[in-house]
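See below for the structure under consideration.
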Amino acid sequence: MNAHGGGIVHHSGTYYWYGEKRGGTESQGVNVYSSKDLYNWTFEKLAFSPSDDKESDIAWGCIIERPKVIYNKRTKKFVMWFHLELKGQGYAAARAAVAISDSPTGPFKLVDSFRPNGHMSRDMGLFVDDDDVAYHIYSSDENYELRLSKLTLDYLAPTASDKLLFRNHREAPALFKYNKKYYLFTSGCTGWAPNKAELHVADDLFGPWTSLGDPMRGPDAQITFDAQSTFVLPVAGKKDAFIFMADRWKPKNLLDSRYIWLPIDLKNGTVTVSWKDQWKLDVFK
Ligand code: GAL
């Protein structure tokens, strides 16, 4: 599968996995795969493509990373956000971009790209709360800051509710809600090389956030099992069942990068992720 730095939406009984389509290192848009059971995946489409228009923000040669899709019940649209870097500028542009589609498999059309409320935006995630309000969490100020912005009702833009969560040089944010608390996985900032994960907890999305340290357990736990967080998937139809998703990057051949999926262990009021060579969904009750 070629769907890196990805995220998953569950819609009408089907999971859709969106992720970066990579050439060797080139960014080639966003692929989408589908599954009914999380075990068997079918390639659907290139959901979002760079543009042939050389003047476009998404002209071929741009970098598209960490795409995340959420469904807006109000507008009935699928909304994609991703980290966008403009062609020929390395990682200097530090923008977020928004695209929209009527169908989960696309084609998604670019709505806009920008720095949210003027802030740099690189690694990012989206989170929809129980009240259907959505948020964009993003690494800002050269990745020193992690910020959160509340989105407009149509999910297409940030609102002015945009706050610094903490200034710890963290990236690769992946948020989930369990037992009325919010949990946030992040990585350190060492490019494609793996590093130590950290888990934070908060009663309110805008904080204060408290560190719970490194939640990984087992061989290579201190380098997140040679991977980097990207998303937490709530398993449909099961209570308190969450899957930690991470990327094992291969920087010289990004398309061959691998995926680490592990069940999040919620026993005894603690939140940890233990290495397993193999596991099945029946680990969840
Ligand atoms: C990582 C980031 C990846 C990618 C990479 C580029 O820190 O998490 O998504 O941007 O840097 O070096």
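Below is a table of values for the structure above.
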| read-out | value |
| --- | --- |
| Hz values of 3J(HN,Hα) by residue in region 70-79 - Karplus curve (6.51, -1.76, 1.60), Gly and Pro given as x | 10, 9, 9, 5, 5, 9, 6, 10, 8, 10 |
| Per-residue HN-Hα couplings for region 255-270 [Karplus 6.51, -1.76, 1.60; θ = phi - 60°; Hz; x = Gly/Pro] | 5, 8, 4, 10, 10, 10, 10, 9, x, 7, 8, 10, 6, 6, x, 9 |
| Hydrodynamic radius of region 94-175 per Kirkwood, over alpha carbon pairs, in Å | 13.1 |
| Cut-off under 5 Å, modelled amide H: who pairs with K77 long-range | N72 |
| Between region 45-121 and region 138-188, the alpha-carbon center distance in angstrom | 18 |
| With 10 Å bins from 0: P(r) over region 161-285, alpha-carbon pairs, percent | 12, 45, 33, 9, 0 |
| q = 0.12, 0.18, 0.26, 0.27 Å⁻¹: log10 I(q)/I(0) that the Debye formula gives for region 1-69, counting C-alpha atoms only | -0.32, -0.64, -1.09, -1.14 |
| Pairwise Cα inverse-distance average, inverted: Kirkwood Rh of the chain (Å) | 18.7 |
| Given charges at beta-carbon only (K, R positive; D, E negative), |dipole| of region 141-285 in Debye | 440 |
| Against the rule of thumb 2.2 N^0.38 Å, how large the Cα Rg of region 224-285 comes out | 1.22 |
| FRET efficiency, 1/(1 + (r/R0)^6) with R0 41 Å, evaluated for S161 and N253 via beta carbons | 0.50 |
| Rounded to whole Hz, the Karplus (6.51, -1.76, 1.60) HN-Hα couplings of region 88-102, x for glycine and proline | x, 10, x, 9, 7, 5, 6, 10, 9, 10, 10, 9, 9, 8, 7 |
| Added length on full extension, which subtracts the Cα-Cα distance from 0.36 nm per residue, K76 to T42 | 9.9 nm |
| Most to least packed among 254-262, 16-24, 200-208, 275-283 [average Cβ atoms within 10 Å] | 16-24, 254-262, 200-208, 275-283 |
| Built amide H within the under 5 Å cut-off of D141, gap 5+ | M120 |
| Of the trypsin sites (Lys or Arg not before Pro) in region 124-227, those whose Cβ has at most 11 other Cβ within 10 Å and which sit in DSSP loop | K180 |
| Probe 1.4 Å, accessible area per residue of region 150-285, Å² | 49 |
| Linear extension gain, W60 paired with L212, 0.36 nm per residue minus alpha-carbon span | 50.6 nm |
| Radius of gyration and Dmax over the Cα atoms of region 1-153, both given in Å | 14.8, 41 |
| K180 versus S35: modelled label distance in nm, points set 7 Å from Cα along the beta carbon direction | 3.3 |
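The values are calculated or read from the model by the stated rules, or taken from the named source; none is laboratory data. These numbers were taken from a predicted model, which means no experiment stands behind them. For neighbour counting, all protein chains shown are included, and Cβ atoms are generated from backbone atoms with ideal geometry for every residue, glycine included. For the accessible areas, the whole protein counts, side chains as well, though only heavy atoms, and no ligand, DNA or RNA atoms are used. Shrake-Rupley method; radii C 1.70, N 1.55, O 1.52, S 1.80 Å.
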